[in-house]
Amino acid sequence: MKKLKEMPTRKLYKLFVYFVLVMFAISIIVPITWVFFASLKTPQEFFMNPWKMPSSLHFKNFVDAFVGANMGQYFLNSVIVTALALFILLIVALPAAYVLARFEFKFKTLINRLFTIGLFININYIVIPIFLMLLSWNRSIQPIVGMNLFINNRFALALVYASTSLPFTIYLLSSYFRTLPRAFEEAAWIDGASHFQTMFKVMIPMALPSVVTVILFNFLSFWNEYIIALTLMPSEKLRTLPVGLINLQQAARGAANPGPMYAGMVLVMLPTLILYIFVQRRLTEGMTMGGLKE
């Protein structure tokens with residue numbers, strides 16, 4: 001009797017969950033699809049009926065955005081900055097997370113707490129102090145080296161991105177490293193492997209799902225970041241895609257031609273969608289699986 005009474009409740013609950021998930025999916029898929037269609041429309045088609053399918057594929061919008069609005073250069077800048085930031089972040093975060101998770105040493109607890117505090121600091125609130133600090137350093141060193149090292153420099157922007165993402169990345173990686181069995185390390189040490197070799201040849205490959213998760217989350221953060229890039233890269237040639245997209249939006253309003261603006265949005269969204277398609281399996285593993293506990 002109890003089972004019969006519970007069945008309708010379970011079904012209703014499942015239906016409610018499915019309904020919420022479907023509505024959530026629609027709220028994401030519909031705007032993305034609309035942007036793709038809008039990027040292929042002529043101005044007349046867009047203003048007459050924004051929800052109508054394009055009668056023809058107007059790829060000139062992408063040419064105008066990529067070449068005419070300099071989005072190609074902005075795209076290259078974003079690729080360089082994001083790749084550099086991810087490289088710097090992983091080179092620093094992987095050894096730091098491994099050491100904090102697997103070894104005991106003095107001040108370990110203090111260091112862990114400092115990184116935990118860093119999780120609650122919103123980078124947008126400290127952009128101005130970072131800018132003033134880097135500007136001061138740049139003014140001091142520019143007469144010596146004859147170039148900008150801290151302002152209008154893609155490497156400096158990538159370094160700021162990587163450093164501000166360290167708390168989250170180290171927290172996530174160290175949490176995963178703690179779940180891995182110590183037997184693998186001990187076997188590597190018996191075979192004569194150093195701590196460095198054990199980390200790169202044994203532990204990091206085992207933590208690959210977590211590493212992929214870190215790469216995806218930080219890629220999304222770096223690729224879509226706007227405020228820091230706008231502040232530290234005032235030069236028009238060195239702007240990243242999100243900053244360049246604002247300029248394209250203003251130009252589209254003046255010309256009454258929204259097509260290139262939506263083409264620019266597609267250029268911003270497309271790399272993240274492609275990356276997610278390729279790593280979604282690893283992402284799911286990294287978020288739901290851990291190593292076998294001893």
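The values are calculated or read from the model by the stated rules, or taken from the named source; none is laboratory data. As the structure is a prediction and not an experimental result, all values here were calculated from the model. Note that each Cβ is placed from the backbone with ideal geometry, even for glycine, and that neighbours are counted across all protein chains shown. Quick note on the areas: whole protein, heavy atoms, side chains included, nothing else; ligands and nucleic acids left out. Shrake-Rupley method; radii C 1.70, N 1.55, O 1.52, S 1.80 Å.
Here is a list of conditions, (1) under 22 Å from the mean Cα position of the chain (by Cα); (2) without any contact (Cβ under 8 Å) to a residue 60 or more places away in the chain; (3) within 26 Å of N77 (Cα to Cα), and G118 meets all of them except one; can you say which number that is?
(3)
Taking K60 as the residue in question, decide whether it is among the charged types (D, E, K, R) and either open to solvent by less than 70 Å² (accessible area, probe 1.4 Å) or closer than 30 Å to A263 by Cα (or both).
Yes.
Kindly provide the set of residues from the stretch 84-122 that are among the hydroxyl-bearing types (S, T, Y) and touching a Leu at 6+ places or on another chain (Cβ under 8 Å), ordered by number.
Within the stretch 84-122, Y98 is the sole residue that qualifies.
Inside the stretch 75-113, can you point out the residues that are among the hydroxyl-bearing types (S, T, Y) and out of contact with any Ser or Thr (no Cβ under 7 Å at 6 or more places or on another chain)?
Of everything in the stretch 75-113, those that are among the hydroxyl-bearing types (S, T, Y) and out of contact with any Ser or Thr (no Cβ under 7 Å at 6 or more places or on another chain) turn out to be T82, Y98, T109.
Which one of these does I28 not meet: (1) at pLDDT below 90; (2) surrounded by 13 or more Cβ atoms within 10 Å (Cβ to Cβ); (3) closer than 21 Å to I274 by Cα?
It fails just one condition, (2).
If I go through the stretch 247-294 residue by residue, how many of them are under 25 Å from K41 (Cα atoms), β-branched (V, I, T) and either modelled with pLDDT under 80 or open to solvent by less than 50 Å² (accessible area, probe 1.4 Å) (or both)?
Selection size over the stretch 247-294: 3.
Looking at T164, T198, T179 in this structure, which one is of a type in the set (V, I, T), out of contact with any helix residue (DSSP H, G or I) (no Cβ under 6 Å at 6 or more places or on another chain) and modelled with pLDDT of 85 or more?
T179
Can you give me the ranges of the helices (runs of 4 or more DSSP H) entirely in the stretch 1-84 with at least 1 residues that are closer than 17 Å to V268 by Cβ? Steps first, answer last, please.
Details: elements: 2-38, 43-48, 60-63.
Because the criterion is at least 1 residues that are closer than 17 Å to V268 by Cβ, the helices (runs of 4 or more DSSP H) in the stretch 1-84 that meet it are 2-38, 60-63.
Please work out if M147 is out of contact with any Lys or Arg (no Cβ under 8 Å at 6 or more places or on another chain), surrounded by fewer than 14 Cβ atoms within 10 Å (Cβ to Cβ) and among the hydrophobic types (A, V, I, L, M, F, W, C).
Criteria met by M147.
Looking at the stretch 174-186 only, could you name the residues that are of a type in the set (D, E) and open to solvent by 50 Å² or more (accessible area, probe 1.4 Å)?
Residue satisfying the conditions is E186 alone.
Going residue by residue through the stretch 215-231, is there one that turns out to be open to solvent by less than 30 Å² (accessible area, probe 1.4 Å), at pLDDT below 85 and under 30 Å from K41 (Cα atoms)?
no
Among the residues of the stretch 120-137, write down those that are of a type outside the set (F, W, Y), surrounded by 16 or more Cβ atoms within 10 Å (Cβ to Cβ) and under 10 Å from L232 (Cβ atoms).
Within the stretch 120-137, V127, I130, L134 qualify.
Specify the residue that is farthest from V211 (Cα to Cα); the eligible residues are those in the stretch 153-173 that are surrounded by fewer than 22 Cβ atoms within 10 Å (Cβ to Cβ) and among the small types (G, A, S).
A156
Working only within the stretch 87-119, note down all residues that are open to solvent by 70 Å² or more (accessible area, probe 1.4 Å), part of a helix (DSSP H, G or I) and basic (K, R).
Scanning the stretch 87-119 gives a single hit, R113.
Could you tell me how many of the residues in the stretch 232-241 are surrounded by 19 or more Cβ atoms within 10 Å (Cβ to Cβ) and among the basic types (K, R)?
1
Each row is one residue, and each column tells you yes or no for (1) crowded, with 20+ Cβ neighbours inside 10 Å; (2) in contact (Cβ under 8 Å) with a residue 24 or more places away in the chain.
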residue: A188; (1), (2): no, no
residue: G192; (1), (2): no, no
residue: H195; (1), (2): no, no
residue: I204; (1), (2): no, yes
residue: V243; (1), (2): yes, yes
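Give me the helices (runs of 4 or more DSSP H) completely within the stretch 184-251, filtered to those with at least 3 residues that are over 23 Å from P271 (Cα atoms), ordered by residue number.
Numbers: elements: 195-198, 208-224, 227-232.
Helices (runs of 4 or more DSSP H) meeting the threshold: 195-198.
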